[in-house]
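Below is one structure, written out as C-alpha cells, with a few remarks after it.
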C-alpha cells in the first residue's frame, strides 16, 4: 500500500464505522467486515489476478485481460469457493452476500441470493416458503432471469432433476440449446 494512502487513512476526518453503516446494506459492522476480509484474503482465487494455465505456460494475468469464457470460469470457481467457505464458517445468507460484495467481482449466483430467494420470502405462502427456501439455500434449486425478447424478462427456476428452461432460438449461437 502506498504511503499516501496510509497517511490519508490516518488523517481522516470522519468516523469509519458510521460510514460503514451507511454504505453497507444490510448494515454490518466494521469488525465483521474485517473478519470476512481476513478469511477472503487468504484465498489465492479471490485476488484480482488469477493464475491461468494455457498450453505453453502458467502465468499471472490481470482479470481485466481475461476473455468472457475465462471470466465466467473464474466467477464459477469463486462462487463455488464462497459456498464452501459459507459451509465451513457457518455464514448466514447475508454474510455470504457481504463476502461477495467485498470481492467486488460479478458472481453467477448473486441474483439467486439477492432477488430469487427474497421474492419467495416476500411473496410466497407459508407452504411455498417452507418448501422452496431451504432448497434454494442448499442450491438444489436455482433462480435466474432469462431474457427472451427485448421487452420480455422473467425469472425462472431450475432444479437438478427437471430443468425448466425455455429457449425460443431467437438468438444465433444460443447458449441454452446450442442452436446456430
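Fewest-first ordering of 136, 130 by other beta carbons within 10 Å of each residue's beta carbon gives 130, 136. Residues 37, 141 in ascending order of nearby Cβ atoms (within 10 Å, fewest first): 37, 141.
Bear in mind that the values in this text are calculations on the coordinates, not laboratory data. Keep in mind that what you see is a predicted model, and the values were worked out from it rather than measured. Positions of Cβ are backbone-derived with ideal geometry, glycine not excepted, and every protein chain shown enters the neighbour counts.
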